[in-house]
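Structure first, then comments.
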Amino acid sequence: MNEHLIQRYEHNYFCGWVVSAKRQGKRVTRYFSDRPGGRQKALRAARAFRDKLIARLPPPTKIKRRDVRNTTGVIGVASVKERTRSGKWLVRYVASWPARSGKRGKASFSVGLYGDREVFSLAVSWRRAGLQELLKTPY
């Protein structure tokens, strides 16, 4: 059974349903035991709690990202297309390069802000500048 925010939980002598939601970094969890009223009564109680919980919580803000392979033709520069929960598409180019510290350098440029061609050239130039910084002598 697949209920939104409700899962079946059977562990260490507990059998029942769990309602769990996370918003703005805070998790709300509540357990509904099968005893004493039975499995169906616990599920009805979990559904009622879930519906009240959704009504009082703010809408989720997580951005869903689709896996996009590099189609730009430039190593280290990727076009990323993300869809927000509101349904808007966010398109940007991300440049990344290895930093001297061992971490990764990264810069992101919005297509909606600068335009497609301008953003692509900005991302390529930042990637090249990052690689040039890596190749400089440390002294």
Among the listed residues Ser96, Ser86, Ser79, Ser125, which satisfies the condition of being surrounded by fewer than 14 Cβ atoms within 10 Å (Cβ to Cβ) and either under 25 Å from the mean Cα position of the chain (by Cα) or aliphatic (A, V, I, L, M) (or both)?
-> Ser86
Among the residues of the range 7-66 satisfying the criterion of being more than 26 Å from the chain's Cα centre (by Cα) and polar (S, T, N, Q), which is modelled with the lowest pLDDT?
-> Asn12
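Listed here are the residues, each with its yes/no results for (1) under 19 Å from Arg85 (Cα atoms); (2) open to solvent by 100 Å² or more (accessible area, probe 1.4 Å); (3) aliphatic (A, V, I, L, M).
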position	(1), (2), (3)
His4	yes, yes, no
Ala21	yes, no, yes
Ala46	no, no, yes
Lys52	no, yes, no
Pro58	yes, no, no
Thr61	yes, yes, no
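The values are calculated or read from the model by the stated rules, or taken from the named source; none is laboratory data. What you see is a predicted model; the values in this text were computed from it and never measured. Every residue, glycine as well, gets a Cβ built from its backbone with ideal geometry; the counts of neighbours run over all protein chains shown. All accessible areas refer to the heavy atoms of the entire protein, side chains included, with ligands and DNA or RNA removed. Shrake-Rupley method; radii C 1.70, N 1.55, O 1.52, S 1.80 Å.
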